[in-house]
1. Which whole-Hz couplings ³J(HN,Hα) result when phi for each residue of segment 280-290 is put into the Karplus expression 6.51 cos²θ - 1.76 cosθ + 1.60, θ = phi - 60°, listed in order with x for Gly and Pro?
2. Could you name the lysines whose alpha carbon sits less than 22 Å from that of residue 210, not counting residues in the same chain fewer than 8 places away?
3. Of the chain, which part is the longest with no GluC sites (Glu not before Pro) in a loop (DSSP not H, G, I, E, B) and with at most 15 other C-beta atoms within 10 angstrom?
4. Please give the contour-minus-distance gain from residue 39 to residue 10: 0.36 nm per residue of separation, less the Cα-Cα distance, rounded to one decimal in nm.
5. Report the antiparallel proportion of the DSSP beta bridges in the chain as a percent, rounded to a multiple of 5.
6. How high is the relative contact order of the chain, in percent, counting Cα pairs under 8 Å that sit 6 or more residues apart?
7. With +1 on the Cβ of every Lys and Arg and -1 on the Cβ of every Asp and Glu, and nothing else charged, how large is the dipole of segment 1-75 about its Cα centre, in debye rounded to the nearest 20?
8. Could you tell me the calculated FRET efficiency between residue 22 and residue 262, based on Cβ-Cβ distance and R0 = 22 angstrom, to the nearest 0.05?
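The values are calculated or read from the model by the stated rules, or taken from the named source; none is laboratory data. This structure is a prediction, so every number in the text was calculated from the model and none was measured. So basically every Cβ, Gly included, is an ideal-geometry build from the backbone, and we count neighbours across all protein chains shown. When the accessible area is computed, the model is the full protein with side chains, heavy atoms only, and any ligands, DNA or RNA have been set aside. Shrake-Rupley method; radii C 1.70, N 1.55, O 1.52, S 1.80 Å.
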Amino acid sequence: MDVYSYHLGMDVLTGVDLGGTKIEAVVLGPGDEVLARHRCPTPTNGYPATINAVAKLVHMVEDDAGVAAPHVGIGGPGSPSPTTGRQRNANSTILNGQPLACDLATAIGRPVTLANDADCLALSEAHDGAAAGHQCVFAVILGTGIGGGLVINGRLHTGPNALGGEFGHTALPRPRADETPGPACWCGQRGCLESWISGPALEAQWVALKHTALRATDIAASPHADAQKLIDQWLDRLARALANTITVLDPDVIVFGGGLNAMANLTGALDQRLGDLVFGGEYLTPLVVARHGDSSGVLGAARLPGPTSPTAPP
Ligand SMILES: [Zn+2]
């Protein structure tokens, strides 16, 4: 389908959430209303199939809405390298090293802006979600990966290395003797926060205690003593990392997204721990759970600004 065969709406936003298991696309109207929304499974048969699936979904959702946006915001794992434009730091490693932004722009027929899913969570929740009205918003995704995004005065802060807010690949702070050097992370380092507290990390810790495999969300909900011990450790590790972030950045609010944010009393349990960990012992930071749930990714992607420079890698 020729995307320009229908009306291009300058006040319309199109966003795509490119996830590990599903791709979702949305078109938002001038009043933030959802004009159309579609989702499909993420292909498992290679990179070109993923590009085609995203382009097809964008064309389908805009066809349904009867209007196309001037550019398309796409949230997914990792981010484009600021020097080569090629995707990097994605835990869906099939995307790493690929000229993802360029290929998507070609396939869709319009400019695209790529950001990671935590950036999209931060944008969406800062705009009209649980973090609305706050100046400095730090968002954390607690799921298959651990991600972070930073929005200041309504704008995404990316930084010269495109690493702004990146949280999951900082080292676990104040490691105990049995936490050194830490598990190997897919990024090449050891002891990254993601290797300690992601869903797969929690599931591996459960199996290491001689239990049969269980999903991270089920471990979090289990009354078993081993599960409760693991969740206590998980909260302690997350709290240590958040305390570092609060001490460096002192955001006005921290908002949580991802599958593990549904854990019972997540923010209350972190509140209890953070008072002892934040420098000076006084801490007032509101901790909130994403209002838009798992729609934050696609809604935030739609709010990504248009690209200011060509996305083609050398
Ligand atoms: Zn890492």
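1. Computed from phi, the couplings for segment 280-290 are x, x, 10, 8, 10, 4, x, 10, 9, 9, 3 Hz.
2. Correct list for residue 210: 229.
3. Result, exposed sites excluded: 34-281.
4. 8.1 nm
5. Details: 26 of 44 bridges.
Of those bridges, close to 60 percent are antiparallel.
6. Values: 661 pairs, mean separation 65.3, N = 314.
This gives 21 percent for the chain.
7. On the way: 4 positive and 9 negative charges, 67 e Å.
Charge dipole of segment 1-75: 320 debye, to the nearest 20.
8. My answer for the efficiency is 0.80.
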